[in-house]
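Let me begin by presenting the structure, written as structure tokens, before commenting on it.
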Amino acid sequence: MKLQQLASALIMALAFGANLAMADPVMSEGVIRKIDKSIKKITIKHGEIKNLDMPGMTMVFQVKDEALLNKVKPGDAVKFHVEKQDGALVVTEIKPAP
Ligand SMILES: [Cu+2]
């Protein structure tokens, strides 16, 4: 009986985890201050970043893919997703804000 409960709890935990992984990435808002393509870095004055529990500020992020930097330019209002990868904060998605 106990084992069965444990098993069903485990299954639910796994399903919940898979659900989270498939959810849309949390998008944060910001304004681009500076783009440095050669070192794949971007400076964003950002609002609250909920998934990182970070208040608004201006800071530099790494960019996962250089091609992301072709879609935006300094002064643009953007929506972006940033996450922790190997201890660095990396922008994995960015698009002009509507
Ligand atoms: Cu920040």
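Check N70, N51 and return the single one that is more than 13 Å from the chain's Cα centre (by Cα) and among the polar types (S, T, N, Q). Give the derivation first.
Details: N51 fails: more than 13 Å from the chain's Cα centre (by Cα).
Among N70, N51, only N70 is more than 13 Å from the chain's Cα centre (by Cα) and among the polar types (S, T, N, Q).
Which of the residues that make up the stretch 33-80 are part of a helix (DSSP H, G or I) and either on the phi > 0 side of the Ramachandran plot or loosely packed, with under 15 Cβ neighbours inside 10 Å (or both)?
Quick first cut of the stretch 33-80, residues part of a helix (DSSP H, G or I) only: 37-39, 50-52, 66-70.
Once the filter is applied, which keeps residues that are part of a helix (DSSP H, G or I) and either on the phi > 0 side of the Ramachandran plot or loosely packed, with under 15 Cβ neighbours inside 10 Å (or both), the stretch 33-80 yields K37, S38, I39, K50, N51, L52, E66, A67, N70.
Taking the stretch 16-32 as the region of interest, how many residues are surrounded by 10 or more Cβ atoms within 10 Å (Cβ to Cβ) and either at pLDDT 65 or above or in contact with a Lys or Arg (Cβ under 9 Å, 6 or more places away or on another chain) (or both)?
Number of matching residues: 8.
Exactly one of these conditions fails for V90: (1) at pLDDT 95 or above; (2) assigned to a helix (DSSP H, G or I). Give me its number.
(2)
The values are calculated or read from the model by the stated rules, or taken from the named source; none is laboratory data. Note that the structure is a prediction, hence the values are computed from the model and not measured. As a convention, Cβ positions derive from the backbone with ideal geometry for all residues, glycine included, and neighbour counts pool all protein chains shown.
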